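Take a look at the structure set out below.
The values are calculated or read from the model by the stated rules, or taken from the named source; none is laboratory data. Note that the coordinates shown come from a computational prediction; the quantities given were computed from them, not determined experimentally. Every residue, glycine among them, receives a Cβ derived from its backbone with ideal geometry; neighbour counts consider all protein chains shown. The accessibility values were calculated without ligands, DNA or RNA, using every heavy atom of the protein model including side chains. Shrake-Rupley method; radii C 1.70, N 1.55, O 1.52, S 1.80 Å.
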Amino acid sequence: MAKPTVLIVDDEPDLCELLSITLQRMDLNPRTANTVAAAQRLLQTEHFDLCLTDMQLPDSDGLTLVDWMQSHTPQVPVAVITAHGNMETAVRALKLGAFDFVSKPLDLAGLRKLVTSAIKLSNNTETDTAVFSPRLLGASQTMQHLREMIAKVARSQAPVHIFGESGTGKELVAKLIHESGPRRDAPFVPVNCGAIPSELMESELFGHKRGSFTGAVADKKGLIQSAEGGTLFLDEIADLPLHMQVKLLRVIQEKAIRPVGEQTESRIDVRILSATHRNLSELVAAGKFREDLFYRVNVIELRVPSLRERPEDIPELSQTMLRRLGRRMKIPEPALSKDAVAALKEYPFPGNVRELENILERAMTLSTSGEVRASDIQLRPTPSTDAAGKSTASHPGGSPLGDHLEDIERDAITKALESTRYNKTAAAKVLGMSFRALRYRIKKLGIE
């Protein structure tokens, strides 16, 4: 079997020699070109599994080659070699479609990891969007576009920010990006940034050394290190305190971390995905989220559509959920009547797919005929629905449904707290959630 071939594009003989020796020791076949034009000729006439290009070249720059490859040789991953600390150039390359970047002076261990991932990606033929169908349901145009975007960004190591309302399935999208890329065999570590107390966050994310603070009785690996070689998913990243935003920015820029109490930094190989239901641009303008971090995590943005934007997917989603619920409850899968489908399509679903599943689970317990009918579906009136359950969702210019949902949630939590004389443990039982989840929602919603 032929050795994988890597094209090195650089006009510095010393760097070309260093890269060639490193690749040969990895049992790879290096080829070199010293200009963009020469690289383009080789890419059009020969097969390559990876391209490594410097930024400064005699006839153009590395960004020009990255852009050209996206339309002429999109199957070949390309990584750029940037000057130390030049993150702006690295981000521009990632936005243009580069697989990853490596900074000078070259860290050969990091370079070998990058090359290994890229070769694995080049040999992978399983990124067909059809593999997502059983898990990311919906035949609507918006969902087809989302599946195509997932397949595309899975071929990169660029940070991806996933934006969408609560309950739309942002974590599922993050998992699919991870599982359809070259890191699929390494860990996927999800972190809810709003659920970790501020005073524990640095230790949780970065880990700590024994004796670094009171209670640190042993060394502890942080969540970032736990994702080594894989993907770190920062859910609700908008809830990161400002001091932790500074530390995360350094992790992304330097690809290194320093545990609490440790004197030296350790190199890490982690892809960072993030998500939030809040508008990060507005938070940047309000001074609540660092602008430099925003540009680092938002290299590629994926928007997950709300359920009311794709009502044609509701029948398929509903029947799949009923099948799953039937297996869980050990009862035959009920049918969904036409009037029930019509009622669901009219409802605006402020809680999105998560709310649809809750509604169907409740309807199955009420149904006695083996068929879920409209009378079994209890759609709660919301500021965007009237008492009959008919949609009166506001059009552009009205207030967002996410805000309406938070108002409803705030009211329910307040009533539960009042009914239990502000006993949070008892209120959590009334609301059917864990104490920790209730504490998080109280903090998030600003309930005094």
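A compact table of results
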item: Within the stretch 247-341, chymotrypsin sites (Phe, Trp or Tyr not before Pro) in DSSP loop having at most 15 other beta-carbon neighbours inside 10 Å; result: none
item: H145 - accessible surface, heavy atoms, 1.4 Å probe, Å² rounded to 10; result: 110
item: Residue-normalised accessible area of the chain, expressed per residue, 1.4 Å probe, Å²; result: 49
item: The chain: most fluctuating residue of K95, K415, K113 per GNM, C-alpha cutoff 10 Å; result: K415
item: Subset of K104/K221; K221/K288; K104/K255; K415/K443 violating a 18 Å alpha-carbon distance limit; result: K104/K221; K221/K288
item: Cβ crowding within 10 Å averaged over residues, with 160-168, 240-248 ranked highest first; result: 160-168, 240-248
item: Global form of the stretch 72-228, assessed from the alpha-carbon gyration tensor, a/c cut-off 1.5; result: oblate
item: Rounded percent of accessible protein surface that carbon and sulfur make up, the stretch 226-340, 1.4 Å probe; result: 48
item: Inter-part distance where the stretch 137-198 and the stretch 1-76 are each reduced to a Cα centre, Å; result: 30
item: Whole-number percent relative contact order across the chain, with pairs defined as alpha carbons under 8 Å at least 6 apart; result: 11
item: Residue-count net charge about I196 - beta-carbon cut-off 12 Å; Lys, Arg +1, Asp, Glu -1; result: -3
item: Acute angle (nearest 10 degrees) that the helix 13-25 long axis makes with the longest principal axis of the chain, alpha-carbon atoms; result: 60
item: Calculated P(r) over Cα pairs in 10 Å bins from 0, in percent (choose from (1) 4, 20, 32, 29, 13, 2, 0; (2) 4, 18, 24, 18, 15, 13, 6, 1; (3) 4, 18, 25, 24, 16, 9, 4, 0), label; result: (3)
item: Accessible surface of the stretch 1-88 [probe 1.4 Å, protein heavy atoms]: carbon and sulfur percent; result: 48
